[in-house]
Each structure stands twice: as C-alpha cells, then as structure tokens.
1. From 237, 216, grab the single residue that is more than 16 Å from ligand 1 (Cβ to nearest atom), among the small types (Gly, Ala, Ser) and open to solvent by 60 Å² or more (accessible area, probe 1.4 Å).
2. Can you tell me how many residues in region 1-35 are within 15 Å of ligand 1 (Cβ to nearest atom) and of a type in the set (Val, Ile, Thr)?
3. Would you mind stating whether residue 164 is within 16 Å of ligand 1 (Cβ to nearest atom), under 30 Å from residue 286 (Cα atoms) and open to solvent by 10 Å² or more (accessible area, probe 1.4 Å)?
4. In region 165-201, how many are away from ligand 2 (no atom under 16 Å from the Cβ), closer than 21 Å to residue 155 by Cα and touching a residue at least 12 places away in the same chain (Cβ under 8 Å)?
5. Exactly one condition in (1) away from ligand 1 (no atom under 16 Å from the Cβ); (2) surrounded by fewer than 22 Cβ atoms within 10 Å (Cβ to Cβ); (3) within 19 Å of residue 264 (Cβ to Cβ); (4) aliphatic (A, V, I, L, M) is not met by residue 85; state its number.
6. Restricting attention to region 35-44, does a residue exist that is in contact (Cβ under 8 Å) with a residue 24 or more places away in the chain, within 27 Å of residue 160 (Cβ to Cβ) and hydroxyl-bearing (Ser, Thr, Tyr)?
7. Since residue 72 meets every condition but one in (1) open to solvent by less than 60 Å² (accessible area, probe 1.4 Å); (2) basic (Lys, Arg); (3) more than 15 Å from ligand 1 (Cβ to nearest atom), which condition does it not meet?
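The values are calculated or read from the model by the stated rules, or taken from the named source; none is laboratory data. Keep in mind it's a predicted model, so treat the numbers as computed, not measured. For neighbour counting, all protein chains shown are included, and Cβ atoms are generated from backbone atoms with ideal geometry for every residue, glycine included. Heads up: the accessible areas ignore ligands, DNA and RNA and are worked out on the full protein's heavy atoms, side chains in. Shrake-Rupley method; radii C 1.70, N 1.55, O 1.52, S 1.80 Å.
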Amino acid sequence: MKDTFGRKIEYLRLSVTDRCNLRCRYCMPDEGVDSVGHDRIMSYEQMARVAAAAVRLGVNKIRVTGGEPLVRRGLVGFIETLANLPGSPEVALTTNGLLLADYAERLKAAGLDRVNVSLDTLQDEKFDNLTRRHGLSQVLAGIEVAEKVGLNPIKVNMVPIRGVNDDEIANFARLTLEHNWDVRFIEFMPVRRDLGYSPDQRVGEAEIMSVLEQVGDLQPLEKSTADGPARLFRFAGAQGKVGIITAVSRHFCGECNRLRVTADGRLRPCLMSDQEIDLMAALDSDDAAVEKALRDAVMEKPEGHRLGAGDDPLRKRTMKDIGG
Ligand code: SAM
Ligand code: SF4
C-alpha cells in the first residue's frame with residue numbers, strides 16, 4: 001500500500017487493550033482514565049482478521065501494544081496466530097515488562113520475534129513515582145528472562161523528562177557497554193495537556209547527544225529498516241547500541257510507514273491526529289470491507305504533524321489508548 005505522499009505502508013501497530021497495570025505520568029492522567037468496556041474491545045478473532053487483511057495488503061511487521069498487552073488474557077495464543085499468518089509477518093511486542101518474566105518463554109515459543117521494554121528509570125523510588133505503581137525489580141527480572149529465552153536483541157525504550165530522569169541518560173547508555181541491548185531514547189511527546197509533565201520538560205536530541213558523547217566514543221551505525229525511525233550509534237567496544245527517536249524536534253513523518261489500530265477497533269492514520277476510521281462496521285461485514293477500511297486509512301494519512309511547532313495536542317485519546 002502506498003499513501004498519497006508516496007510512502008509505503010508496511011507496519012501495523014495493534015493495540016490489544018487500553019488497560020494497564022502502571023499509570024505512567026507522561027502517558028495518562030491520574031484520574032478520569034476510562035477503560036473501554038469488554039463489549040467494545042475487539043476479540044482476538046477480529047484482530048486476527050484485521051492483521052491478516054493488512055498482511056495481504058503488504059504489511060510485513062506487526063507490533064502488539066496497548067495499554068499493557070500482557071494484562072490481556074490469551075495473549076500468547078494471539079501472538080502464535082499472528083506469527084502463523086500466511087506471509088509470516090515479523091511479530092514484535094511493546095511492554096512495560098512487569099509481567100515479562102512470567103510470559104517470555106511462552107511468547108518466544110509462540111513465535112514472537114522481538115520485544116521492546118519501556119523503562120524510564122533504574123531507581124526504585126523514581127520508578128514508583130513515575131509510574132504511580134511499584135515494580136522496578138519485576139521489570140529488570142523480565143528483561144533478564146527475555147534475554148535468556150532468546151528474544152534478542154532486547155530493546156529498552158527510555159523517555160527522558162527534564163528534572164525527573166534526565167540525570168539517568170548516561171546510566172542507561174552505559175547498559176549497552178555490557179549488554180547486547182538496544183537502548184533508545186525517545187523524546188517526550190506532549191500529546192495531551194493533562195499529563196504529569198509539561199512540554200518544556202522534553203529533552204531534545206541535541207541534549208541527549210551531548211550526554212552520550214561524554215559516555216564514550218560514539219560511532220554512528222548504518223540504519224536498517226528494522227530500526228524504524230531511530231538514529232543508531234555504538235560506543236567503541238560496546239555489546240549493544242544506543243538510539244535516539246526524535247518524534248518532536250525532528251519528526252520523521254516523511255518516512256512514516258505505519259498504521260495504528262486501537263483496541264476498540266479504530267484505525268488511526270496518524271498517531272498525532274484524532275482522526276479515526278471505524279473498523280467495527282467493516283468487521284461486521286466481510287474481509288473485503290476490512291481491506292477497504294485499511295486502504296482508506298492509508299489514503300487519509302496526513303503528510304505530518306507539527307507538534308513541536310505548536311499544533312494542538314490530542315483531545316480524545318491518551319497514549320495508552322493508541323499504543324504509542
Ligand atoms: N504499556 C506498554 C509500554 O509501556 O511499553 C505499551 C504501550 S505504551 C503507550 C507504548 C510506548 O509509548 C511506551 O514506550 C511509552 O514509553 C510510550 N509513551 C507513552 N506516552 C508517551 C509520551 N507522552 N511521549 C513519548 N512516549 C510515550
Ligand atoms: Fe501503561 Fe505503557 Fe502507558 Fe506506562 S506507557 S501507563 S506502561 S500504557
């Protein structure tokens with residue numbers, strides 16, 4: 001599928017739930033977080049039909065996200081369904097890692113190709129404050145088990161926030177010296193006005209780079225398509241890589257190859273736009289209608305967002321609804 005700006009759409013982000021076992025301050029407000037009722041969430045069967053249609057139209061990578069995907073019962077079986085779709089798409093998972101130690105082995109056996117773990121601090125107390133819940137040791141145990149069962153290389157996503165965890169950028173980067181992990185620093189996106197942090201707490205690319213340059217001899221790496229929008233580097237002699245994803249200061253809309261599906265069956269042509277296309281009606285019809293909805297969403301993809309230049313943030317959804 002190609003959109004009206006010539007971009008080839010090959011990547012589907014599929015949110016399987018809007019529920020979460022954390023309450024990260026940059027993702028959702030403390031109060032008034034509604035969850036969509038069970039009756040409005042797509043069944044795994046419906047999601048598999050959407051994924052299969054997307055693969056028929058050229059999608060070759062599916063990322064399962066949420067909310068927290070591992071809180072939805074039956075996820076392992078669903079991963080297996082995705083991995084076994086005709087066309088064998090690459091299947092990846094984005095998780096906060098809290099339940100990863102319990103599931104990593106079964107996920108690997110089900111055909112999961114890779115896992116991204118979102119982790120923003122290596123300090124217990126800060127973790128509790130940032131996520132409004134407890135569990136750093138569980139997340140670290142999850143990463144360890146995932147590595148042991150071969151979900152390699154593990155990607156660790158960190159969102160630096162000024163005055164909160166920006167003092168840990170160097171420590172996260174140093175993790176790559178000893179571990180074959182990809183540590184990616186993702187700019188904070190002020191997607192809504194009611195989040196725990198303000199837009200001026202975003203730590204931009206230049207600042208992240210200057211911290212990384214102090215850690216060691218940074219060598220730029222060639223990008224492969226699996227790297228997505230990250231700019232990647234390796235410290236001389238390091239096992240893993242570091243990357244920067246500049247979603248705001250230097251957005252990569254020109255290379256955007258993705259479509260997003262929310263757990264309640266809406267297709268989102270763009271993360272940063274509230275525009276959505278209803279998939280539920282198409283699912284009530286037939287697979288041709290599902291394919292048409294996917295094609296329509298591709299044709300509706302805007303050229304880009306201007307979040308850093310003062311575009312309005314989202315109104316209807318938080319990141320946990322959309323899946324990041
Ligand atoms: N619960 C899972 C997790 O945290 O990995 C999957 C869903 S979460 C919405 C997906 C990604 O969105 C996470 O890596 C998280 O750090 C990121 N995210 C959420 N809110 C964000 C924000 N305001 N700016 C940048 N990234 C954000
Ligand atoms: Fe949950 Fe992920 Fe949002 Fe944190 S970032 S609240 S773990 S959905």
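1. Details: 216 fails: open to solvent by 60 Å² or more (accessible area, probe 1.4 Å).
Step by step, each of 237, 216 is checked, and only 237 is more than 16 Å from ligand 1 (Cβ to nearest atom), among the small types (Gly, Ala, Ser) and open to solvent by 60 Å² or more (accessible area, probe 1.4 Å).
2. Number of matching residues: 3.
3. Working: within 16 Å of ligand 1 (Cβ to nearest atom): yes; under 30 Å from residue 286 (Cα atoms): no; open to solvent by 10 Å² or more (accessible area, probe 1.4 Å): yes.
Against the criterion (within 16 Å of ligand 1 (Cβ to nearest atom), under 30 Å from residue 286 (Cα atoms) and open to solvent by 10 Å² or more (accessible area, probe 1.4 Å)), residue 164 does not qualify.
4. 17
5. (3)
6. No: region 35-44 contains no residue that is in contact (Cβ under 8 Å) with a residue 24 or more places away in the chain, within 27 Å of residue 160 (Cβ to Cβ) and hydroxyl-bearing (Ser, Thr, Tyr).
7. Tallying (1) open to solvent by less than 60 Å² (accessible area, probe 1.4 Å); (2) basic (Lys, Arg); (3) more than 15 Å from ligand 1 (Cβ to nearest atom), residue 72 fails exactly one: (3).
The rows are residues; the columns are (1) out of contact with any Leu (no Cβ under 8 Å at 6 or more places or on another chain); (2) more than 16 Å from ligand 2 (Cβ to nearest atom); (3) assigned to a strand (DSSP E or B).
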residue	(1), (2), (3)
4	yes, yes, no
13	no, no, yes
20	yes, no, no
28	no, no, no
31	yes, no, no
36	yes, no, no
39	yes, yes, no
51	no, yes, no
70	no, no, no
